[in-house]
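The values are calculated or read from the model by the stated rules, or taken from the named source; none is laboratory data. Because the structure is predicted, anything quoted here is derived from the model rather than measured. Because the Cβ atoms are built from the backbone with ideal geometry, glycine has one as well, and the counts that use them run over all protein chains shown.
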Amino acid sequence: MKKKIISALMCTTLVASMLVGCGSGETNPPADASDAAATDDAAATDSAEADDTEDAAEDEAETAEADVVTNTYGDPNGTHLEMWTFVELHGAHYGEMAEVWNEAHPDETIEITCTTYPYADMHTKLLTALQAGTGAPDICDVEVGQFPNVVEGLDTWLVPLDDYAAEYMDTMVPARMDTYAGEDGKHYGAPYHVGATVMYYNVVAMAEAMGISEDEVTAKIDAVVTWDDYAALGQEYIDAIGEDGKYFTSVDTAGTDWLWLAMAEYGDDWTGGFEGPANVQLDSVKKMLEMQQSWLNSGLAEVSPDGHVDLEAGFQNIMDHNIVSFPKAMWYMSRFTNYMPEESGNWYIAKCPVFEEGQKMSVGIGGTGTVVTQQSAAADLSARFLCWAKMSEEGEQHIWDTLGFDVCNTACWTMDSFAHDDNNQYNAYFRNYPYDVLNDIGLDNIGKISVVAISPTINEYVCNTTLNEVLEDGMNVDDALQELQDAVDLEQ
């Protein structure tokens, strides 16, 4: 089992960017210098190679050590908790929440040390500690693509959070909570966000090209229900702008967001869930790929620079107004504020189109679930603090204000002080309030695609091969999906 999980971890690391929009690299460890010595005649050469290898190993260790950031927050006299993450801002969130917790719980204060490791290093370190039964932290972030690895141990490794989350569950988005469930149906991870997929539209650029008012453009966007409606609006824009290099949208060759959206609309899941088997030859996937091929052929769409919009080339393409609409999870709002601040006031958020009226019009994409390990000496306190810090109104307010995530506690969605606060940078950036869109979508219209053991295989092949074959090379979609199915079957 250990070998199988480590293999899955390595595969999942390769496709993390396809799931959350940010990747990480991992270098191979240097070879053992002792293997170099073969003969006495080669001793001098081997010694030099050994020195070089040792220096390289030391340099690599120093680099890895430099990438580790540790901060301690809270009451030095309180219960000490260790927390690991791969995003420093996540650690800062728990630090801030520890201070609030301590004010409210003077008889049960905590001190929390949050350590930020490089993405791959942290997940490998956690998995190794869980398998060894020692060395794990009290609390740890787990990226959604890695979650199948750590949940393999179920409650022998992790603390089920159901009892601790009970007071929040009535208002938590079920699809997101279920993303971090095990085969036993218990929930082992607390989410940061819904990751609800929406459409982003550049109203200002569209109005300028189409020669109509911005309000008229917004009305046209709001009238879009189906993908046919979307394509018709796109063609109207393309006809109006009449300029080479300008498109209505872009399609991805290095990300599965569009396909996840299509599956959610039809209620499909190519992974087969925990029961399996995986089936990628779905009508929903085929419909999306064939539709995207037609857009490329008509000039409605281009292939995203560097494969998807969540890279520097994608940001520049958006700022150059080479595309004026695209679907992405709501966590992409922080990409706008961080990398495209000059676009403030241009962009409008709307529901995604559907193939058929009445379908779900969103899907949760990406995410990080935070777990409590069984090795924690303060597991009860850790679990209570974690669920409060990520599910309570206080915790969700801080997540929204500092991280810009669409929070999972739907009670916050309708709070005017939360959803309509113009001091919030995300409310201020967009032409409409993001939570108005979430409320319009509705709790029951956000779908879920499982992230299970076969997910890395599917995503890696889709992003490395299938999407390029279909969208770059024009391969027949049925043939491409059969090839993908054959590859997946070899791993099932």
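You will find that of Asn432, Asn439, Asn427, the residue that is in a loop (DSSP other than H, G, I, E, B), closer than 29 Å to Asn346 by Cα and at pLDDT 95 or above is Asn432 and no other.
For the range 461-480, check the following and say yes or no: at least one residue is more than 30 Å from Met83 (Cβ to Cβ), touching a residue at least 24 places away in the same chain (Cβ under 8 Å) and not assigned by TED's automatic domain parsing to the domain that holds Val303. No, the conditions are met nowhere in the range 461-480.
Among the residues of this structure, Glu483 does not count as one that is under 25 Å from Pro191 (Cα atoms), in contact with a helix residue (DSSP H, G or I) (Cβ under 8 Å, 6 or more places away or on another chain), surrounded by fewer than 22 Cβ atoms within 10 Å (Cβ to Cβ) and acidic (Asp, Glu). One residue stands out in the range 323-373 among those that are surrounded by 23 or more Cβ atoms within 10 Å (Cβ to Cβ), of a type in the set (Ser, Thr, Tyr) and out of contact with any Phe, Trp or Tyr (no Cβ under 6 Å at 6 or more places or on another chain): the one that is nearest to Pro148 (Cα to Cα), namely Thr370. Remark: pairs (first residue in the range 124-140, closer than 16 Å to Gly91 by Cα; second residue of a type in the set (Gly, Ala, Ser) and part of a strand (DSSP E or B); Cβ separation under 9 Å; 6+ apart in sequence or on different chains) are absent.
Here Ser392, Ser376, Ser382 are screened, and the one residue that is out of contact with any helix residue (DSSP H, G or I) (no Cβ under 7 Å at 6 or more places or on another chain) and surrounded by fewer than 24 Cβ atoms within 10 Å (Cβ to Cβ) is Ser392.
If you check Val451 against the conditions, is it within 22 Å of the chain's Cα centre (by Cα), buried (at least 21 other Cβ atoms within 10 Å of the Cβ) and at pLDDT 95 or above?
So Val451 does not fit the description; no.
Has the range 287-304 got any residue that is buried (at least 23 other Cβ atoms within 10 Å of the Cβ) and in a loop (DSSP other than H, G, I, E, B)? Yes, there is a match, as at least one residue in the range 287-304 is buried (at least 23 other Cβ atoms within 10 Å of the Cβ) and in a loop (DSSP other than H, G, I, E, B).
Considering (1) closer than 30 Å to Gly91 by Cβ; (2) in a helix (DSSP H, G or I); (3) not small (Gly, Ala, Ser), the lone condition that Asp310 does not fulfil carries the number (2). Of the listed requirements (1) farther than 25 Å from Asn439 by Cβ; (2) at pLDDT 95 or above; (3) within 18 Å of the chain's Cα centre (by Cα), Gly145 misses just one: (2).
What about Gly345, is it under 20 Å from the mean Cα position of the chain (by Cα) and at pLDDT 95 or above? Here the answer is no, as Gly345 does not meet what is asked.
Might you check whether a residue that is within 21 Å of Thr402 (Cα to Cα), under 23 Å from the mean Cα position of the chain (by Cα) and not β-branched (Val, Ile, Thr) occurs anywhere in the range 122-139? No - not one qualifying residue is present in the range 122-139.
Being in the same structural domain as Gly267 (by TED's automatic domain parsing) and in contact with a Pro (Cβ under 9 Å, 6 or more places away or on another chain) is a condition met by no residue of the range 374-390.
Considering the range 393-425 alone, what residues qualify as being aliphatic (A, V, I, L, M) and touching a His at 6+ places or on another chain (Cβ under 8 Å)?
Matches in the range 393-425: Ile399, Leu403, Val407.
For the range 319-339, taking the residues that are farther than 22 Å from His193 by Cα and free of Cβ contacts under 8 Å to residues at least 60 places away in the same chain, the one that is farthest from the chain's Cα centre (by Cα) is identified as Asp320.
Quick grid of which residues meet (1) under 24 Å from Gly364 (Cβ atoms); (2) assigned by TED's automatic domain parsing to the domain that holds Val371; (3) surrounded by fewer than 18 Cβ atoms within 10 Å (Cβ to Cβ):
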| position | (1), (2), (3) |
| --- | --- |
| Ala104 | no, yes, yes |
| Asp107 | no, yes, yes |
| Ile112 | no, yes, no |
| Ala129 | no, yes, no |
| Ala132 | no, yes, yes |
| Asp138 | no, yes, no |
| Val144 | yes, yes, no |
| Phe147 | yes, yes, no |
| Val150 | yes, yes, no |
